[in-house]
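K.L.:
Handing you this structure, nothing more for now.
Read-outs throughout are calculated quantities, based only on the coordinates presented, and are distinct from any laboratory measurement. Just so it is clear, the model here is predicted, and its values are computed rather than measured. Note: ideal-geometry Cβ built from the backbone for every residue, glycine included; neighbour counts use all protein chains shown.
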Amino acid sequence: MKAVVAGAGGFIGGHLTKKLLDQGFEVTAVDKKGIKDWYQVFDKANNISLDLSESRNCEQAVEGCDWVFNLAADMGGMGFIEKNKALCMISVLINTNLLVASRKAVIKKYFFASSACVYASQYQNFNVDKSISLKEINAYPADPEDGYGWEKLFSERMCRHFFEDFGFEVRVARYHNVYGPYGTYYGGREKAPSAAIRKILEFKNNEIDHVEIWGDGKQLRSFTYIDDCIDGTLLLMNSNYREPINIGSSETISIRELYDYAAESCGVVNPPYTFNLNAPVGVLGRSSNNDLCLKVLDWEPNIKFKDGITKTANWISAQAENN
């Protein structure tokens, strides 16, 4: 089997490339970034630097392959997507051109990495309640995260219509806050778990005298460890299910709890917190409902946040010491 991983130089794409190689796939790893800037590079893969927003590059990337995994996008944490809505929207070119090229090349299966940001805001701005979670039907009536969420929702529908009109086999996963080692932890594109660990380590090393939390810390989220994300992706790809499905942890924690877990994993006791109420915080609550995932895949993410954040903190600590 030959697979293309679009966005292979990114966080999730790097882990997916490794897993596919371990399973015996021939992998073409593609990313817009220069290969020296990829998070993980594997000699066994055919590593190519290409801008997949251009159709001719998509045709080159998918030629002779069986499966295509599209994880390519301009994205980051809430701070990035709030300030770069047009840039996030432009990622629609990647999925559109990659779908057209994949159908032309008679690819057997196509995977699109969507996001929990597609869910309508009316289901996420309730009074904070850990018992409430997002089902796949809650993407409509449509009112997703502005910019990034709209691009993901549009691309989901593009995948759907490629099956309906052309019989082209598609799989769509809505990822919920994926985190883990070999990801961004500074620079503005980092997700909340990595940002929290970085700040805690900066406090531990006396680089800052307090730890800033965006918002009041009461916002609720579910965070999905990278190993669960990859396992769920491959289970979905091997299934016969074509509709969007949540790949996310159902363990709901507050942002304040996230920082407490990060502090514990870094060996820091009671760091002083300040709360920036003017920072981008997104919706009040977003957690994955896994009823459909359990029904379709007989599986759901099972790595507890405390365990995942510890592994992530160990990796970020090692990186910080070496830089």
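K.L.:
Taking a 18 Å limit on the Cα-Cα distance, which of the listed pairs K18/K44; K18/K304; K135/K295; K191/K306 fall beyond it? Each step should come with its number before you reach the end.
P.N.:
On the way: K18/K44 9 Å; K18/K304 22 Å; K135/K295 13 Å; K191/K306 16 Å.
Table pairs above 18 Å Cα-Cα are K18/K304.
K.L.:
Over what distance in Å are the Cα centres of segment 188-257 and segment 154-176 separated?
P.N.:
Spelled out, the Cα-based centre of one part sits 25 Å from the other.
K.L.:
Compute the semi-axes of the equivalent ellipsoid of segment 170-323, taking the square root of 5 times each eigenvalue of the Cα gyration tensor, and list them largest first in whole Å.
P.N.:
Equivalent-ellipsoid dimensions as semi-axes: 30, 17, 12 Å.
K.L.:
Taking a ≥ b ≥ c as the square roots of the eigenvalues of the Cα gyration tensor of segment 203-281, is the shape rounded (a/c under 1.5), prolate (a/b larger than b/c) or oblate?
P.N.:
prolate
K.L.:
Which of C117, C293 comes first, and how do the rest follow, when ranked by fewest Cβ neighbours within 10 Å?
P.N.:
Placing the least packed residue first, the sequence is C293, C117.
K.L.:
Once you have the Cα-Cα distance between W299 and E321, take 0.36 nm times their residue separation minus that, and quote the gain in nm to one decimal.
P.N.:
Difference between extended and current length: 4.2 nm.
K.L.:
I'd like the per residue volume of the convex hull spanned by the Cα atoms of segment 178-222, given in cubic angstrom.
P.N.:
Here the figure is 92 Å³ per residue.
K.L.:
Packing-wise, with mean Cβ within 10 Å as the measure, how do 49-61, 32-44, 171-183, 104-116 rank, highest first?
P.N.:
My ranking of the peptides, most packed first, is 171-183, 104-116, 49-61, 32-44.
K.L.:
Can I ask one more? Counting only DSSP beta bridges with both residues in the chain, what percent are antiparallel, rounded to the nearest 5?
P.N.:
Within the chain, antiparallel bridges account for around 10 percent of the total.
K.L.:
What is the set of long-range amide H partners of L134 at a cut-off below 5 Å, with H atoms built 1.01 Å from backbone N?
P.N.:
S287, S288, N289
K.L.:
So what's the Cα pair-distance distribution over the chain, bin width 10 Å, in %?
P.N.:
The percentages, shortest bin first, are 6, 27, 36, 23, 7, 1.
K.L.:
Right, here's the next one. Treating the Cα atoms of segment 1-130 as identical point scatterers in vacuum, please give the log10 of the normalised Debye intensity I(q)/I(0) at q = 0.09, 0.11, 0.21 Å⁻¹, two decimals.
P.N.:
Rounded to two decimals, the profile gives -0.28, -0.41, -1.20.
K.L.:
While we're on this one: Expressed in nm to one decimal, what extension gain is obtained for the pair E207 and K306 from 0.36 nm per residue of sequence separation less their Cα-Cα distance?
P.N.:
Taking E207 through K306 to full extension adds about 33.1 nm, to one decimal.
K.L.:
Under 1.5 on a/c is rounded, so check that first for segment 120-188, then, if it is not, pick prolate when a/b is larger than b/c and oblate when it is not; a ≥ b ≥ c are the square roots of the alpha carbon gyration tensor eigenvalues.
P.N.:
Working: a/c = 2.03, a/b = 1.26, b/c = 1.61.
Oblate, because a/c is 1.5 or more while a/b does not exceed b/c.
K.L.:
Please list 65-74, 91-100, 274-283 highest first by mean number of surrounding beta-carbon atoms within 10 Å per residue.
P.N.:
The peptides rank, most packed first, as 65-74, 91-100, 274-283.
K.L.:
Further question on the same structure: Measuring from centroid to centroid over Cα atoms, what is the spacing of segment 269-284 and segment 16-31 in Å?
P.N.:
38 Å
K.L.:
So, in nm, how far is label K85 from label N138 when the simple model puts each one 7 Å beyond its Cα toward the Cβ?
P.N.:
Simple spin-label model gives 2.3 nm for this pair.
K.L.:
Defining a contact as two alpha carbons under 8 Å apart and six or more residues distant in sequence, what relative contact order in percent does the chain show?
P.N.:
Details: 679 pairs, mean separation 56.7, N = 323.
Once divided by the residue count of the chain, the mean separation gives 18 percent.
K.L.:
Using the Kirkwood formula on the Cα atoms of segment 23-89, what hydrodynamic radius do you get, in angstrom to one decimal?
P.N.:
13.7 Å
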